[in-house]
1. Give the label of the value calculated from the structure for P(r) over Cα pairs in 10 Å bins from 0, in percent, choosing from (1) 12, 43, 29, 12, 3, 0; (2) 12, 40, 34, 12, 1; (3) 12, 38, 32, 16, 2, 0.
2. I need the shape label for segment 50-120. Rule: rounded when a/c is under 1.5, else prolate if a/b > b/c, else oblate, with a, b, c from the alpha carbon gyration tensor.
3. Between the DSSP loop rule and a limit of at most 16 other Cβ atoms within 10 Å, which GluC sites (Glu not before Pro) in segment 17-99 are left?
4. With an 8 Å cut-off on Cα pairs and a minimum separation of 6 or more residues, tell me the relative contact order of the chain in percent.
5. May I ask you to evaluate 6.51 cos²θ - 1.76 cosθ + 1.60, the Karplus curve with θ = phi - 60°, for each residue of segment 11-26 and list the ³J(HN,Hα) values in order in whole Hz, giving x for glycine and proline?
6. Of Ala73, Gly27, Gly115, whose Cα points farthest to the positive end of the dipole of segment 4-123 (charges on the beta-carbon: +1 Lys, Arg; -1 Asp, Glu; origin at the Cα centre)?
7. Using the beta-carbon distance between Lys2 and Lys125 and R0 = 22 Å, what value does 1/(1 + (r/R0)^6) give for FRET efficiency, to the nearest 0.05?
8. How much length is gained on full extension from Glu63 to Ala107, taking 0.36 nm per residue of separation minus their Cα-Cα distance?
Amino acid sequence: MKGLEHLYIPTGKFEDAWNFWTEIAGGKALETWGDGGHRSGIVSFAGQSIVIGGDDERDEDQELGYPVRHGAATLYFSTPNLNKLYKDLANRGASILRGPLKTHWGAKVMTVKAGDAVIAFVETKSKKRK
């Protein structure tokens, strides 16, 4: 999917979800981190990055301000100018959950409500050609 930065899937059963994506579906494990009930990892599947976030179910992602439901994926799309996109969406009446902010992993992200779904936008600066 063009523009899809990554897909985030929260789960209360990390090992089961990780096994599905890496063993059953045949994705390539890129990295894992954390321990106990807070394990997470990135798998590459069909050219897309999928972040599996193993965590206790919370009512809301504290950083990005959206409801967390195990198994309910959040799409993260790339955009070259997050501030402009934020202004454009706000001017059009979008339901902004969290405006642009720098996350704990270093990316600048915002979230919006799109019907029943949550969409996140990640600022991705294009590399200048030499």
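What follows draws every value from the coordinates through simple rules; no lab data is involved. Predicted model, so just to flag it, every value in this text is computed and none were measured. Ideal geometry is used to build each Cβ from the backbone, glycine not excepted, and the neighbour counts take in all protein chains shown.
1. (2)
2. Since a/c reaches 1.5 and a/b is larger than b/c, the shape of segment 50-120 is classed as prolate.
3. Those satisfying the criteria are Glu57, Glu63.
4. Normalised by residue count, the contact order of the chain is 24 percent.
5. Along segment 11-26, the couplings run 8, x, 10, 4, 4, 5, 5, 4, 4, 4, 5, 8, 9, 7, 7, x Hz.
6. Result: Gly115, furthest along the dipole toward the positive end.
7. Working: r = 18 Å, r/R0 = 0.80.
My answer for the efficiency is 0.80.
8. Numbers: separation 44, 0.36 × 44 = 15.84 nm, distance 1.21 nm.
Extending this stretch completely gives an extra 14.6 nm.
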